[in-house]
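The values are calculated or read from the model by the stated rules, or taken from the named source; none is laboratory data. Quantities reported herein were computed from a predicted structural model and do not represent experimental measurements. Glycine gets a Cβ as well: all are built from the backbone with ideal geometry, and neighbour counts include every protein chain shown.
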Amino acid sequence: MELGTRVTGTTGKTEARAQLWKRFKKQKTLHLFVGLGMIFLLVFAYTPMFGILMAFKQYSISTGIKGIFTSEWVGLKHFKEFFNDYQFGMIVRNTLVLSLLKVFFAFPAPILLAILLSEVKNAQFKRFVQTVSYLPHFISWVVVAGIAFAFLSTDVGMVNKALLGLGLIDKPLDVLTNPNYFWGFATGSAVWKEMGWWTIIFLAAIAGINPSLYEAAQIDGAGRLARIRHITFPGMKGTIVVVLILTIGSILGGGLVGSNFEQAFLFGNSINNPTSEIVQTYAFKVGLRDGRFSYAAAIDLIQSVISVILIFSSNYIAKRTSGSSLF
Amino acid sequence: MNRNKGKKALLLSLILMMTIALMSACGGNNNNDGQKENAGAANPSETSSEPPAKNNEVKELSLFIDASWYPVKEWKGSVAEKITEKTGIKLKVTVATDDKQLPLMIASGDLPDLVFTYANIDRMSDSKLSYPWNELIEKYAPDFKIDPTRIAIHTMDDGNFYTVRNSFATQEEMAQNKYSLGSDGNPGIAVREDILKELGNPPIDTIDNFVKVLGMVKQKYPDMVPLIMDKDWIEQYFLQQFGVEGLLDGWYERDGKVDYAIRQPEMLEFFKFMNRLYREGDILAENFAYTNDQIDDQYATSGKAFAHSHTVSIADMDNIKVKNAGGSYTFQMLPSAISKNAKAVSSGLGFAGTFITKKNKDPEASIKFLQYLASDEGKKLTMFGVEGEHWTWNDEGYPNLKYDPSDADFVNTNGIKWWYLYNDGVTEGMLSYVPGAQKTKALMEKKEFTVYKPELGLIQLQPDSEEKTIKTKIDEMIKNEKVKIYLAKSEEEAVANYETMVKNAEKIGLDRLVDWANQTYQKKKDLFNK
């Protein structure tokens with residue numbers, strides 16, 4: 001009796017294993033793809049993570065990679081230093097404000113554009129708008145910075161010259177240097193650059209909605225706005241939630257439009273510094289320019305921890321409230 | 001339902017793909033940058049144990065110049081050729097794209113054979129990165145003699161010296177050579193001669209009068225910028241006029257005690273003045289945001305600016321450019337002193353130095369190369385050009401130059417001066433002695449009111465020390481805060497911002513830094529009092 005069960009047990013296990021192997025073989029192409037991604041993450045995301053050790057040590061670059069392990073432990077010294085920095089409040093505020101502004105404005109923008117586009121009946125016009133709106137995505141920020149200077153510089157900027165010439169303003173607008181303009185300019189340019197790109201996803205979501213729903217609604221007397229509200233919008237909800245979670249996870253980098261660092265780095269200067277210095281640029285400066293890798297690692301680690309907390313909590317909230325979530 | 005699920009999966013994967021595309025686009029760029037940098041820098045793994053070449057064989061060493069503005073980018077021109085002929089060494093030159101490139105190269109270990117830097121002398125003076133010159137000299141070039149003051153200045157705490165800066169001369173050396181005037185690296189302001197004439201040649205003999213003239217320009221030519229400043233030469237000229245002894249990130253000495261420059265009593269007057277310039281509309285706010293040192297030149301040479309702040313050679317340089325472009329106006333230098341308080345303290349230990357890195361494939365050839373540059377012949381060759389072709393020696397004690405040293409195009413294409421990987425302030429100072437040139441006059445005036453305090457320059461911080469961190473943080477803070485003072489809306493606001501800046505510095509640890517500086521100063525000042 002005992003023996004019998006054991007025998008069936010093992011055969012069951014081997015059978016299961018054989019089946020697993022069979023399934024695996026069937027999906028081998030897919031596994032190959034996943035495997036590549038895993039290797040990528042392992043090499044470029046997980047392996048370098050041992051560098052985090054630096055944040056708790058007095059590391060000097062001249063000791064090389066080995067120095068990461070051999071240098072002296074200093075505990076939370078670097079973290080304390082950052083919290084006590086005279087600019088700490090300002091830098092954190094700038095990072096948060098810029099990130100929140102981007103989520104607030106850049107997240108709904110592609111959704112609205114997608115809904116608007118889906119209502120356009122003229123296919124040619126629709127395609128034209130779509131192309132024009134997603135093209136800026138392919139311009140690098142460095143180029144955007146150059147263009148911005150040519151347009152907005154107080155002295156040689158085209159926009160300022162035109163406005164002055166038309167008599168609409170009597171003093172050139174110092175968009176690029178005045179600290180009061182930085183947040184607005186950064187948010188606006190990010191929306192302009194990435195809106196069309198993200199619209200593609202939402203358009204795809206809308207395309208997946210069964211057309212018969214619209215027909216039925218129309219017969220029942222639903223107007224255009226009612227159709228958007230009761231059919232288009234609920235149909236996009238899953239996509240919206242997923243994109244929102246991804247956005248919140250990368251919120252400190254600028255959310256789905258990203259580019260907090262690029263903007264602060266390229267458009268930041270010593271005049272608008274009070275609003276343009278963010279955690280990433282600060283870490284970059286102290287790390288690479290001053291060569292204080294430990295301190296920079298500590299600063300970045302704080303930011304990563306905040307990001308991890310944000311992504312887990314937003315995922316949890318999404319799961320509780322809407323039922324769809326990332327994991 | 002099933003169909004919807006499939007759609008959902010499709011959508012999800014689309015989202016992921018787009019996110020990855022977004023990220024990998026950035027990643028891709030980074031990789032490319034890295035590769036470019038590597039390609040530009042040396043190839044350190046290559047032939048590290050190459051046997052010393054024979055005399056007639058030209059050897060190539062790689063050189064990284066840590067100065068993005070460097071005017072010569074390639075080892076060519078008659079001076080470079082002559083040096084190669086004399087030493088059998090050719091340099092493969094890479095000029096930095098920005099000030100972070102060398103720190104990055106140090107971090108990644110991709111150092112070339114030689115590094116020429118001024119901003120990272122502390123960091124490169126490290127036995128893990130560079131060969132000490134004293135060891136190499138002892139081993140390969142025992143007849144390479146360097147005077148004891150220069151060695152003392154550059155000796156680090158470990159007892160080694162890793163470089164010797166160029167452009168340095170002691171007070172005695174300068175006094176002995178009356179034709180040695182100092183380098184181009186002295187501040188100066190050029191103004192438009194024609195406009196000055198149209199305004200009736202008002203005198204510019206005080207700071208107030210200068211501001212008055214700027215105001216007149218603004219009134220008469222509202223489209224013109226009264227004063228445009230090179231991004232690296234904004235403060236220096238005016239600091240000297242107010243008698244501030246040093247730059248914003250330097251030290252000053254009074255009654256045997258040193259303190260940080262921002263706490264000098266004269267400093268507040270300087271800041272009030274700069275703020276006044278801004279409030280009266282004589283300078284552009286944008287000027288403080290320039291990241292490119294060509295913008296000011298364009299203003300000046302395209303006739304859009306009245307005064308141009310740069311170095312003592314700026315009038316000569318602008319005039320040549322204007323003339324080449326077919327313009328008809330000329331610039332003239334303001335006197336080096338337009339104030340009774342004018343004072344220049346030379347605490348300089350020189351400008352930049354060459355390091356022989358640990359990745360160097362031939363340290364012997366490298367030190368011998370520097371030894372040649374340090375010889376009298378080598379110094380004159382790099383500084384003046386090829387003897388006979390470019391200059392002849394005047395028995396008075398200076399070279400009769402056959403070209404105009406302010407003609408940047410000629411100087412750069414021939415490689416004159418800029419290969420001064422080793423040189424000294426006396427030889428360099430003679431290049432400025434061109435009877436009749438505006439620069440010569442400005443520098444002679446400047447020599448009059450220059451005080452030498454090289455012992456201040458010896459307050460040098462060791463890399464990775466606590467004090468170094470404090471100083472870096474204070475300097476960075478000053479860089480941010482000073483603009484707020486310059487661009488304040490009223491004088492009261494400027495003064496308040498100045499006080500905030502000093503308070504911030506104290507919060508970061510200024511007092512501790514000053515204590516340390518005083519200790520170092522007391523220890524090291526005897527080097528010069530022998």
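If you go through the stretch B:449-473 and pick out every residue that is out of contact with any Asp or Glu (no Cβ under 8 Å at 6 or more places or on another chain), free of Cβ contacts under 8 Å to residues at least 12 places away in the same chain and within 27 Å of B:Gly185 (Cβ to Cβ), you end up with 0.
Among the residues of the stretch A:146-159, those that are within 11 Å of chain B (Cβ to nearest Cβ) and either aliphatic (A, V, I, L, M) or closer than 17 Å to B:Asp223 by Cα (or both) comprise A:Leu152, A:Ser153, A:Thr154, A:Asp155, A:Val156, A:Gly157.
Can you pull out every residue in the stretch A:278-307 that is at the interface with chain B (Cβ under 8 Å from one of its Cβ atoms) and not in a helix (DSSP H, G or I)? Across the stretch A:278-307, the qualifying residues are A:Asp290, A:Gly291, A:Arg292. Applying the selection to the stretch B:451-485, what residues are more than 30 Å from A:Lys77 (Cβ to Cβ), modelled with pLDDT of 85 or more and more than 9 Å from chain A (Cβ to nearest Cβ)? Passing the criteria: only B:Ile485. Are there any pairs, at least 6 apart or on different chains, whose C-beta atoms fall under 7 Å, with the first in the stretch B:279-292 and at the interface with chain A (Cβ under 10 Å from one of its Cβ atoms) and the second of a type in the set (A, V, I, L, M), and if so, which? The qualifying pairs are B:Leu284/B:Val225; B:Ala285/A:Ile271; B:Ala285/B:Leu487; B:Asn287/B:Ile228; B:Asn287/B:Met229; B:Phe288/A:Ile271; B:Phe288/B:Val483; B:Ala289/A:Ile271. Of all residues in the stretch B:105-135, those being closer than 25 Å to B:Lys524 by Cβ and crowded, with 19+ Cβ neighbours inside 10 Å number 12. Is the stretch B:474-487 home to any residue that is in contact (Cβ under 8 Å) with a residue 40 or more places away in the chain, within 27 Å of A:Asn273 (Cβ to Cβ) and among the charged types (D, E, K, R)? Yes, the stretch B:474-487 contains a residue that is in contact (Cβ under 8 Å) with a residue 40 or more places away in the chain, within 27 Å of A:Asn273 (Cβ to Cβ) and among the charged types (D, E, K, R).
Scanning the stretch B:311-320 for any residue that is in contact with a helix residue (DSSP H, G or I) (Cβ under 8 Å, 6 or more places away or on another chain), on the phi < 0 side of the Ramachandran plot and surrounded by fewer than 19 Cβ atoms within 10 Å (Cβ to Cβ) turns up at least one such residue.
When B:Lys257 is tested against the conditions (1) within 15 Å of B:Phe210 (Cβ to Cβ); (2) surrounded by fewer than 22 Cβ atoms within 10 Å (Cβ to Cβ); (3) not hydroxyl-bearing (Ser, Thr, Tyr), the lone failure is (1). Restrict the check to the stretch B:180-190 and report whether at least one residue is part of a helix (DSSP H, G or I) and buried (at least 18 other Cβ atoms within 10 Å of the Cβ). No, the stretch B:180-190 contains no residue that is part of a helix (DSSP H, G or I) and buried (at least 18 other Cβ atoms within 10 Å of the Cβ).
Restricting to the stretch B:286-332, name every residue that is in contact with a Ser or Thr (Cβ under 7 Å, 6 or more places away or on another chain) and either within 11 Å of B:Asp230 (Cβ to Cβ) or not in a loop (DSSP other than H, G, I, E, B) (or both). Correct list: B:Glu286, B:Phe288, B:Ala289, B:Asp316, B:Met317, B:Asp318, B:Asn319, B:Ile320, B:Lys321, B:Val322. For A:Ala264, the conditions (1) farther than 25 Å from B:Ala107 by Cβ; (2) away from chain B (no Cβ under 13 Å); (3) buried (at least 18 other Cβ atoms within 10 Å of the Cβ) are fulfilled apart from (1). Only one of the numbered conditions (1) closer than 18 Å to B:His310 by Cα; (2) in contact with a strand residue (DSSP E or B) (Cβ under 8 Å, 6 or more places away or on another chain) is not met by B:Ile207, and that is (2). Scan the stretch B:117-170 for residues that are of a type in the set (Gly, Ala, Ser) and either touching an Asp or Glu at 6+ places or on another chain (Cβ under 7 Å) or closer than 14 Å to B:Gln462 by Cβ (or both) and the total you get is 6.
Going residue by residue through the stretch B:516-528, is there one that turns out to be within 11 Å of another protein chain (Cβ to nearest Cβ) and modelled with pLDDT under 95?
Step one: filter the stretch B:516-528 for residues within 11 Å of another protein chain (Cβ to nearest Cβ), giving none.
No, there is no match, as no residue in the stretch B:516-528 is within 11 Å of another protein chain (Cβ to nearest Cβ) and modelled with pLDDT under 95.
For B:Glu396, the test of being surrounded by fewer than 16 Cβ atoms within 10 Å (Cβ to Cβ), at pLDDT below 90 and charged (D, E, K, R) is passed.
Could you tell me which residue of the stretch B:499-515 is farthest from A:Thr281 (Cα to Cα), considering only residues that are away from chain A (no Cβ under 12 Å) and more than 26 Å from the chain's Cα centre (by Cα)? If we take residues in the stretch B:499-515 being away from chain A (no Cβ under 12 Å) and more than 26 Å from the chain's Cα centre (by Cα), then B:Asp515 is farthest from A:Thr281 (Cα to Cα).
For the stretch A:133-145, indicate whether the set of residues that are more than 25 Å from A:Phe265 (Cβ to Cβ), in a helix (DSSP H, G or I) and among the hydroxyl-bearing types (Ser, Thr, Tyr) is non-empty.
Quick first cut of the stretch A:133-145, residues more than 25 Å from A:Phe265 (Cβ to Cβ) only: A:133.
Applying the additional criterion that residues be in a helix (DSSP H, G or I) yields A:133.
Then drop every residue that is not among the hydroxyl-bearing types (Ser, Thr, Tyr), which leaves A:133.
Yes, the stretch A:133-145 has at least one match.
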